[in-house]
Structures are given as C-alpha cells and as structure tokens.
Amino acid sequence: QVQLVESGGGLVQAGGSLRLSCAASGSIFSIDIMGWYRQAPGKEREVVALISRVPGTNYADSVKGRFTISRDNAKSTVYLQMTMLKVEDTAVYYCAAPQDGYWGQGTQVTVSS
C-alpha cells in the first residue's frame, strides 16, 4: 500500500507560479503511471498531467506549455510545476497512481484575478 501526500498548494495571482509536490510513503519505482488530477467546484475530476516510468508525459490541452510534470523515483516524489496560472486553474489538485488505485487527499490551488 502506498500513501500519497500532496503539498505546495495555495493562493496565487493570475500569471504566477506554484510547484506541487506529491510524496509517496513507499517506492514509486515500480509504479508505471503517476499523475495529477484536479477538480473545480461543480465540475468533474479531470486529468491534468501523466508521467510514465520510462518516462513519457501527457498533458491536458488546457495546461500544455504552462505545466510540467516530473518524477524523482529516488525520492518517491512527483512534481507539478505550474506557470502562467489562470483563474480557471483554481481547483483541488490530486496526485494519483491511477492504475494502482492510489490517490492523495488533494491540495487546494486558488488563482485570483
């Protein structure tokens, strides 16, 4: 069983940056897909970015060119660097190993205009 704990959320002005971290209680070396998801008020949870063990990455169209996902297997940590933040990026951000069924509790990101 792997527990995921997100950190780094907060309040930022539009155009600003934040870096989210996801620390795993166990090794993520053998976990193929790690990802970040988000859920805005009144909306369904959506995928933001995925990273494979190889690694390869995939991004939602809405964040391409602004967000970067990375993973450090030695530290069992996954990151999401968010730049040029927009008001519409406001959501609770979740770290997950979706194929393995591991999810974090989420961290709030609020972008003000």
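Here are some notes:
- Residue that is surrounded by the most Cβ atoms within 10 Å (Cβ to Cβ) [pool: residues in region 55-91 that are without any contact (Cβ under 8 Å) to a residue 24 or more places away in the chain and among the aliphatic types (A, V, I, L, M)]: 60
- Selection within region 17-27 - surrounded by 14 or more Cβ atoms within 10 Å (Cβ to Cβ), more than 10 Å from the chain's Cα centre (by Cα) and closer than 14 Å to residue 109 by Cα: 18
- Scanning region 20-43 for residues that are part of a loop (DSSP other than H, G, I, E, B) and of a type in the set (Gly, Ala, Ser) gives 25, 26, 27, 30, 40, 42.
- Residue satisfying condition, being within 17 Å of residue 21 (Cβ to Cβ) and of a type in the set (Gly, Ala, Ser), within set 70, 52: 70
- Residue in region 28-45 that is in contact with a Pro (Cβ under 7 Å, 6 or more places away or on another chain) and either surrounded by 16 or more Cβ atoms within 10 Å (Cβ to Cβ) or over 25 Å from residue 13 (Cβ atoms) (or both) present: yes
Coordinate-derived values only; no laboratory data. What you are looking at is a predicted structure, and each value in this text was computed from that prediction instead of being measured. A quick note on method: Cβ atoms are made from the backbone with ideal geometry, for glycine too, and the neighbour counts reach across all protein chains shown.
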